[in-house]
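The block underneath contains the structure these notes are about, expressed in structure tokens.
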Amino acid sequence: MTNLILSIDAGTIDWSRAQFALTAIYHWLFVPLTLGLAVIMGFAETIYYKKRTSFWKETTQFWQRLFGVNFAMGVATGIILEFEFGTNWSNYSWFVGDIFGAPLAIEGIVAFFMESTFVAVMFFGWKKVSAGFHLASTWLTGAGATISAWWILVANSWMQYPVGCNFNPDTMRNEMTSFFDVALSPFAIDKFCHTVISSWIIGAVFVVAVSCWFLLKKRHICMAVQSIRIAVVVGLFAALGAGLTGHKSGQTIAQVQPMKLAAMEALYEGGTEQGLKIVEGIEIPYGLSMMATNTLDGYVPGINNLLNGYIKNDGTIEPSADEKIQRGKIAIQALADYRKAKADDADEATLAEHLALLETNYQYFGYGYVKDKKDLIPPIFLNFWAFRIMVGLGCLFILFFGLIFILIYDIPYLSLICRRLLSAIGLLPETASDKASGADAMPQWLCWAAIIMVPLAYLASESGWLVAEFGRQPWTIQDMLPTWVAVSDLQSSSIITTFFIFLILFTTMLAIEINILIKQIKKGPAL
Amino acid sequence: MTKNGFWFRAFNLYYEGFRNMTLGKTLWVIVLIKLFIIFVILKIFFFPNYLDEHSTDGGESDYVANELIERAS
């Protein structure tokens, strides 16, 4: 992309992006565990509320303690992203106006008031408030975190699918015309459902893994088994749900970000009846057409089609990249002419003429900055493999939770079939009983597999974000603002400095968190 | 503020909660150090508001307009 950069140092863009990615990836280590653990501790406390036994109280408090460690470590890590907007991405920050600011402000208020109130009751209120109020506070802590996630995802979704706004050439800002179009855009709804439900997988994997560690150590076995029983239901539901919501996201992306879909599939020449690649050379027939259009013969454009123009499924013509670039240039020139005319106190008719030209071509505004249409192609290798890692691991989680669910709940027939199959492939001793429940249902290798699943769950989650963010390159705001225009004219050396400060800070903080978390896990519940 | 009143009980919840913290004390120390680093060191010394520094007060739109128009040429 360096050939596109005019006065901006190429390093400034790359390091600004790298710094943002580092901060976002670090922030995303805490968020999904918060969202996932909130659900599981909510269920644990609900059982306590019904049974009122000290066992369930201690079990709930144990998971709440781990939730607290993660919550404390994650606090304010997202604020750094906002600092980066103001310093590294100042053109972007101004250009998006209040559309981006409003959801972030709501998120801040919700996070502060809702979470800080109910988190306090959850941790301090066991002997101070009624069991019902405490239970409500625990669920509302999770709800607060989830609502916060909603607003952040609304802001992100607007960048991927800008709706409910109008560009004001006088203020140079996009102004919100419909709050509901922004807050309830189909992209935001799909993203929220897929992101939150996949976060529950991380919470469930974490709880199953910690519980399996107790089983391996032969400590707190009853707590471990009961926790697995809760987590595996949440995990199985979430893994299946992530598949369904992912499918819905795929359809939305096919409509509003077809280049991202083409990059995910490394699809250069599109067509009807497109297969979904498992890896290069092996594909599921009709899979991509099904994923993108819900029909077996739906047309899916490839990268070359998107660059050269094509006829869409609804019969309308998608212009070529060259035409979009041309129209983008007209829009930018109209903006320049409008502002000059305004400064020169030109008459209303002249201003209206420039404005009309700008409005007609504004949907391709960002293309006016593109010098070579190849720069509209996102990184193919990264998108292709990040997507496969995410989906592949998602399928693995379905198998993983499905197997544990069948074994630990001793589901009639299915449990027997699984045990016989596992025996046949040597994963259970031939002498193993056909019936087992509780801790006996969890063979040692499965406990170790559960522990290995923790980094894999994070890998899947971060891969999802890689697809979302690399897939929309080169845009910071889809079709409106490419990265090399959004970035501030800073020296790359200053960004490199803060990048490495963050790297050291984040690594230290992560080491501290993992250390505290491991100590608390080893300590176990106060049973 | 009576002992059975809402405000006293709310205050007492936080007061006794903070006083009896064990693990929470360590976490709060870490959170406060982190907030200090983020808001005092990083924000002030490394993350100034770029537009405030490079444009006149109220002239942000002109600055951004120039940037967006110039970068297309």
Q: Give the order of B:His54, A:His220 when sorted by the count of other beta carbons within 10 angstrom, beginning with the fewest.
A: B:His54, A:His220
Q: Under 14 Å from the Cβ of A:Glu45, count the other residues' Cβ atoms, weight Lys and Arg +1, Asp and Glu -1, and hand me the total.
A: +4
Q) Once phi is turned into θ = phi - 60°, what whole-Hz ³J(HN,Hα) does the Karplus curve with 6.51, -1.76 and 1.60 give for every residue of the range A:501-518, x standing for Gly and Pro? A) 4, 4, 4, 5, 4, 5, 5, 4, 4, 5, 4, 5, 4, 4, 4, 5, 4, 5
**Q.** Debye log10 I(q)/I(0) for the protein assembly as shown, one point scatterer per Cα, at q = 0.06 Å⁻¹
**A.** -0.37
Q: State whether the range A:406-478 is rounded, prolate or oblate according to the following rule on the C-alpha gyration tensor (a ≥ b ≥ c being the square roots of its eigenvalues): a/c under 1.5 gives rounded; otherwise a/b larger than b/c gives prolate, and the remaining case gives oblate.
A: prolate
Q: Give the residues of the range A:477-498 whose amide nitrogen is closer than 15 Å to a point set 7 Å from the Cα of B:Ile37 in the direction of its Cβ.
A: A:498
Q) So what's chain B giving for Cα Rg divided by 2.2 N^0.38 Å, two decimals? A) 2.09
Q. Over chain A, what is the relative contact order in whole percent, taking alpha-carbon pairs under 8 Å and six or more residues apart?
A. 21 percent
(Q) As I understand it, the dipole of chain A uses +1 on the Cβ of Lys and Arg and -1 on the Cβ of Asp and Glu, about the Cα centre. Which of A:Met176, A:Leu66, A:Leu427 lies farthest toward its positive end? (A) A:Leu427
Q.
For the range A:216-340, take every pair of Cα atoms, bin their distances at 10 Å starting from 0, and report each bin as a whole percent.
A. 12, 29, 20, 15, 13, 7, 3, 1
Q. Around A:Leu215, what is the net charge, scoring Lys/Arg as +1 and Asp/Glu as -1 over all other residues with Cβ under 15 Å from its Cβ?
A. +4
Q. For chain A, what is the calculated [θ] at 222 nm in deg cm²/dmol (nearest 500), taking -39500 (n - 2.57) for each run of four or more DSSP H residues and dividing by its residue count?
A. -23500 deg cm²/dmol
Q. So what's the range A:27-113 giving for Cα Rg divided by 2.2 N^0.38 Å, two decimals?
A. 1.50
Q. Helix A:98-110 versus the longest principal axis of chain A: what angle, 0 to 90°, nearest 10, using Cα atoms?
A. 20 degrees
Q. In peptide A:253-259, what is the residue-averaged number of other protein chain Cβ atoms found within 10 Å of each Cβ?
A. 0
Q.
If you split all Cα-Cα distances of the range A:384-508 into 5 Å bins from zero, what percentages do you get per bin, shortest first?
A. 2, 9, 12, 12, 12, 11, 9, 7, 6, 6, 6, 5, 2, 1, 0
Q. Counting Lys and Arg as +1 and Asp and Glu as -1, what is the net charge of the other residues whose Cβ lies under 15 Å from the Cβ of A:Ala72?
A. +2
Q: Just need log10 I(q)/I(0) for the range A:299-420 at q = 0.20, 0.21 Å⁻¹, Debye formula, equal scatterers on the alpha-carbon atoms, no solvent, rounded to two decimals.
A: -1.07, -1.11
Q. Pairs A:Lys519/B:Lys25; A:Lys127/B:Lys25; A:Lys260/A:Lys312; A:Lys248/A:Lys277; A:Lys277/A:Lys312; A:Lys57/A:Lys191: which are spaced more than 25 Å apart, C-alpha to C-alpha?
A. A:Lys57/A:Lys191
Q: Describe numerically, in nm with one decimal, the distance between label points set 7 Å from Cα along Cα→Cβ at A:Glu323 and at B:Lys3.
A: 8.1 nm
Q. What is the range A:186-302's relative contact order, in percent, from Cα pairs under 8 angstrom and six or more apart in sequence?
A. 22 percent
Q | 10 Å Cβ neighbours from other chains, averaged over peptide B:39-51 | A | 5
Q: Please report the relative contact order for the range A:280-391, taking Cα pairs under 8 Å with a sequence separation of at least 6, and give it as a percent rounded to a whole number.
A: 21 percent
Q | A:Met73, A:Met223 arranged by Cβ crowding within 10 Å, fewest neighbours leading | A | A:Met223, A:Met73
Q. Measuring from centroid to centroid over Cα atoms, what is the spacing of the range A:112-171 and the range A:468-492 in Å?
A. 28 Å
**Q.** Inter-chain shielding of A:64-76 (mean C-beta neighbours from other protein chains, 10 Å cut-off)
**A.** 3
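Where a number appears in this text, it was derived from the coordinates with a stated rule and is not lab data. In this text, all values refer to a predicted model and were calculated from it rather than measured experimentally. Because the Cβ atoms are built from the backbone with ideal geometry, glycine has one as well, and the counts that use them run over all protein chains shown.
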